[in-house]
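Asks: Here it is, the structure in full.
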Amino acid sequence: MSSLGEILLNAQSADPNIRNAASDLLQTQKQANSASYILDLSNVLASQTEHKVSRQLAGINLKNVLANTNDEEFLINVWDKVDVNTKTIIRNNTLGTLASEDRDIRLSASQAVAAIAKRDLSKGEWTDIVGILIANASNVNLNFRLASLMTMGYICEGTSPETLRSDLSNAILSSYAANISSEENNQEVKLTALKALKNSLQFAKGIMQNNNEREYFLNLIFQACVFQNQQVKREGFSILCEIVRIYYDFISHQLQAIGNVTFEAIAKETQEIGVMALEVWYLIGETELERSEQNTPDAPVRGYIMMASDSIVPLLLNNISRGTFEEDEWDLSKACAWTLGIITQLTKDKCINYSIHYITSNLANSELKLRLSSIMILSSILEGPSPNKLISLINPSLQKLLTLMSDESPLVRETTAWAISRICEYQSLSITQPSTFNTLLQTLLNSLKDWPKIATHCCWALIKLIEHTAELGYFKANIFDHVLQELSVAATRKDTYSAEHNLELASYTAISTLIEKSSKDCIPLIAAKIPIFISMLKQSAAQQNNDYLQGALASLLGSCFLKISSENMTEELSNSFIEALIQTFTVRNTVYGEGLQALGNFADLLQQRFAGYLQMVGPYLAWSLQKTDAEELCLAGTIVIGDIARALGDQSKIVIGDLISPLIGNLQNNLASSNVKIRSIESLADVASNTKEAFVPYASQALSIIEAAANQCIKIIKEQDDPDLYEYFASLREAILIFYESFIQGLLSGGQGEVLLPYAPLVVQFAQTVTQDIMKPTTECHRAAIGIYGDIADEFKERSREFIKTQNILNYIQKFKQSNNPRIRDVAIWASTKINSI
């Protein structure tokens, strides 16, 4: 055995000392001379005297080196650095090993050959490898055939269609087809050819565009889908799923044939095959739903689901009860319900017409599977139909559902709780009647004592129930207190957390929602709970691995701060909150987003009283603002800066440097995300408007950065070309306009108008540019622009006449003087008066 073969074996040793030493030695050899290392690996792979495991590992390592799986800089373009003669030896070594009698060695050699071929073919080299593999794929020697098919699949996997000449890719596909359709009926050959084909579907576009070739091609797949061997059948449906996903636009003529083969499988095949057949239709529906949302001419919705719905919906209803209904298993029942849900979103009321009889007939059925099936169907068809149509289904069904919350089967109760949570989310009209609301609320509260997973579903149902009914005045103080008590009990159960649910988090989230949506008469009750919540936050710091609880409690306190008045937050209570928050920061050795959000709400509540806490929380806030690699955290800290500036008002002047520096830092940091940059501009606007004349020393630097961003975002980007950049520029334009408005108002209120004058024409020009129709400005953009025009005219009068009192600006403002939006109408009337008075 060669030394490299021994090293490869040792790298798999159970002894960590031997294993680590061998791994280090392999790394050293690889780095010292990569070309020689690749050659040595190919020699080990080809050698029949080497240990089988060494040969296998040699092939795998060769593939990994060429693919540079660890992104090592010295391996970039490593194959290009190997000389021609050495390349030939390596190719021959790997290719010759495909003839090995050992299947595992052939598999390793296949991966090595493919890794080489991918690099060669992309440069137009070693093109005869395709002919060699195709010839061997029809060889009478079974090993040759299997290895060649496998290798072609590896070559095609992840390879761009532009990499291979069309004659080569077509020849590969024809080779697959010949082996799939072979009359000798060898299951292993068919299965290998199918797997290779699945890796190569990106090359089949030409076939799918040609009617005759497409029909022949799909018939091969259909034959695999009905083949007697389960593995072949499974692979056939897996390929069919990929075909409808990739080539959605080309399957219209084969839609009926797809229906025939999938419907038969759904109704008669095993659970596994039936689920795969259903996935074909789910993927078609998913594609149509995405296209309907994007609504672009080059990606039309072709309506396959609507065409097939008369057949597929009854099929789903007839087969949903065939599932095993195992809680943690993806079975036919769940797949039917999931597919029915996406079909409903596309066909709207049509699914209701098919489903209503099944649901109403079986909700109270003594047969467990029929009860479960009807609940799952009802849960699945809530998105899409018209509210009135849903009411006709839900109103007669809701009472039965509430009764099922006491069913003897935990699975029925759990499924029902999930169904009710979805009704509360998607069908609020059915839960707002007082009698329905009272019964539903009490049922959900009672079920908070049920199994944790059921209680968790009830919490999410309560969240949606609260959100949809709060404005109706149902949650007055007495109801509020009762619900709060029940949720608090649920949150402190000893069985609140597992991998399948988090009842504690769900309970506290429901309490937060209850507080956020509460009426004014609940404020004393909320204020009375704050000391308890702060005490719980302190206690949570002493518990290990309970980060989610601290986040939930911080969010809960943040919600309380939004509802109570400053008088409710005594100095003692305020000190206690800050102490608890810092304690959790310290114990976790990090800042967390929910804590920062609560801090922002706390600042907003205390207003200028918050100044006393700046020094205490400053280091934690500064740390979060530097975490550009953790976007949510940096974003939360950036928002808090704006909260603090608004809270402190004039007192912001004292700490303006501390407030501005991190925001400027974010805007200058190339690693900061677009969201962080936009939020930084928004917070900078808050700082500018509240620090007034104190902002002047920072104006030049801030405006220079803002101007650079302004020049960037006036570029016109089509949404369909780059949706992310389009959205970023739109948000950036709005943020900059609001900054300019705040900057102007801050300087003017601080008596620093003369500082503004040199910048005024530039600001006006930007406002005019970004409020053009082609920019699709928001109402807030228009309001800010008009406010800017009015403020400048009011301050500078005749000195601004040349760039403010233009016909374009006058015509622009005139459009909004009759607006239905009172905010923009009032500012337009005011600005028009100021400009006309010049």
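Asks: Of the residues 8, 26, 45, which is modelled with pLDDT of 90 or more and within 21 Å of residue 154 (Cα to Cα)?
Replies: Of the residues listed, the single one that is modelled with pLDDT of 90 or more and within 21 Å of residue 154 (Cα to Cα) is 45.
Asks: If you don't mind, there's one more thing I want to ask. Being touching a Lys or Arg at 6+ places or on another chain (Cβ under 8 Å) and surrounded by 21 or more Cβ atoms within 10 Å (Cβ to Cβ) narrows it down to one residue among 374, 321, 355, 380; which is it?
Replies: Answer to the selection: 321.
Asks: Further question on the same structure: How many residues does the range 208-259 hold that are within 31 Å of the chain's Cα centre (by Cα), under 18 Å from residue 273 (Cβ atoms) and assigned to a loop (DSSP other than H, G, I, E, B)?
Replies: Qualifying residue count for the region: 0.
Asks: When residues of the range 517-552 are filtered for being closer than 16 Å to residue 459 by Cβ and more than 26 Å from the chain's Cα centre (by Cα), how many remain?
Replies: 1
Asks: Let me ask another. Do we find that residue 205 is among the charged types (D, E, K, R), closer than 24 Å to residue 248 by Cα and free of Cβ contacts under 8 Å to residues at least 60 places away in the same chain in this structure?
Replies: yes
Asks: Inspect the range 15-25 for any residue being part of a helix (DSSP H, G or I), among the acidic types (Asp, Glu), farther than 13 Å from residue 105 by Cα and touching a residue at least 40 places away in the same chain (Cβ under 8 Å) and give the result as yes or no.
Replies: In the first step, residues of the range 15-25 are kept if they are part of a helix (DSSP H, G or I); the result is 16-25.
Of the ones still in play, those that are also among the acidic types (Asp, Glu) are 24.
Narrowing further to those that are farther than 13 Å from residue 105 by Cα: 24.
Still in the running and touching a residue at least 40 places away in the same chain (Cβ under 8 Å): none.
For the range 15-25, residues part of a helix (DSSP H, G or I), among the acidic types (Asp, Glu), farther than 13 Å from residue 105 by Cα and touching a residue at least 40 places away in the same chain (Cβ under 8 Å): absent.
Asks: Sticking with this structure for a sec: So which residues in the range 61-103 are of a type in the set (Asp, Glu) and either surrounded by 21 or more Cβ atoms within 10 Å (Cβ to Cβ) or outside any helix (DSSP H, G or I) (or both)?
Replies: Answer for the range 61-103, where residues must be of a type in the set (Asp, Glu) and either surrounded by 21 or more Cβ atoms within 10 Å (Cβ to Cβ) or outside any helix (DSSP H, G or I) (or both): 71, 72, 83, 101, 102.
Asks: Select from the range 12-50 the residues that are surrounded by fewer than 20 Cβ atoms within 10 Å (Cβ to Cβ) and among the small types (Gly, Ala, Ser) and list them in ascending order.
Replies: 13, 14, 21, 22, 23, 32, 34, 35, 36, 47
Asks: For the range 132-160, enumerate the residues that are assigned to a helix (DSSP H, G or I), in contact (Cβ under 8 Å) with a residue 40 or more places away in the chain and surrounded by fewer than 18 Cβ atoms within 10 Å (Cβ to Cβ).
Replies: 142, 143, listed by residue number.
Asks: Now, a different point. Go through the residues of the range 271-287 one by one and say whether even a single one is free of Cβ contacts under 8 Å to residues at least 40 places away in the same chain, among the polar types (S, T, N, Q) and in a helix (DSSP H, G or I).
Replies: No: zero hits.
Asks: Would you be able to tell me the number of residues in the range 531-542 that are crowded, with 18+ Cβ neighbours inside 10 Å and without any contact (Cβ under 8 Å) to a residue 40 or more places away in the chain?
Replies: The qualifying residues number 2.
Asks: Restrict the check to the range 489-498 and report whether at least one residue is buried (at least 18 other Cβ atoms within 10 Å of the Cβ), among the β-branched types (Val, Ile, Thr), free of Cβ contacts under 8 Å to residues at least 60 places away in the same chain and part of a loop (DSSP other than H, G, I, E, B).
Replies: yes
Asks: What pairs come up if the first residue lies in the range 751-764 and is at positive phi, the second is part of a helix (DSSP H, G or I), and their beta carbons are under 7 Å apart, counting only those six or more places apart or on different chains?
Replies: So the pair list comes out as 751/693.
Asks: Pick from the range 543-587 the residues that are assigned to a loop (DSSP other than H, G, I, E, B) and in contact (Cβ under 8 Å) with a residue 24 or more places away in the chain: which of them is surrounded by the fewest Cβ atoms within 10 Å (Cβ to Cβ)?
Replies: Taking the range 543-587 as the starting set, the residues that turn out to be assigned to a loop (DSSP other than H, G, I, E, B) are 543-546, 564-565, 569-570.
From the residues that got through so far, the ones that are in contact (Cβ under 8 Å) with a residue 24 or more places away in the chain too are 564-565, 569.
Details: 564: 17, 565: 9, 569: 19.
If we take residues in the range 543-587 being assigned to a loop (DSSP other than H, G, I, E, B) and in contact (Cβ under 8 Å) with a residue 24 or more places away in the chain, then 565 is surrounded by the fewest Cβ atoms within 10 Å (Cβ to Cβ).
Asks: Which ones in the range 642-656 are surrounded by 20 or more Cβ atoms within 10 Å (Cβ to Cβ) and over 12 Å from residue 688 (Cα atoms)?
Replies: 643, 644, 647, 648
Asks: What helices (runs of 4 or more DSSP H), lying completely within the range 768-838, carry at least 2 residues that are free of Cβ contacts under 8 Å to residues at least 24 places away in the same chain and farther than 24 Å from residue 750 by Cβ?
Replies: Fully inside the range 768-838 and qualifying: 807-816, 822-836.
Asks: Can you pull out every residue in the range 716-751 that is assigned to a helix (DSSP H, G or I) and of a type in the set (A, V, I, L, M)?
Replies: Scanning the range 716-751 gives 725, 730, 732, 735, 736, 737, 738, 744, 747, 748.
The values are calculated or read from the model by the stated rules, or taken from the named source; none is laboratory data. Note that this is a predicted model, so its numbers are computed, not measured. FYI the Cβ positions are ideal-geometry reconstructions off the backbone, even for glycines, and counts take in every protein chain you see.
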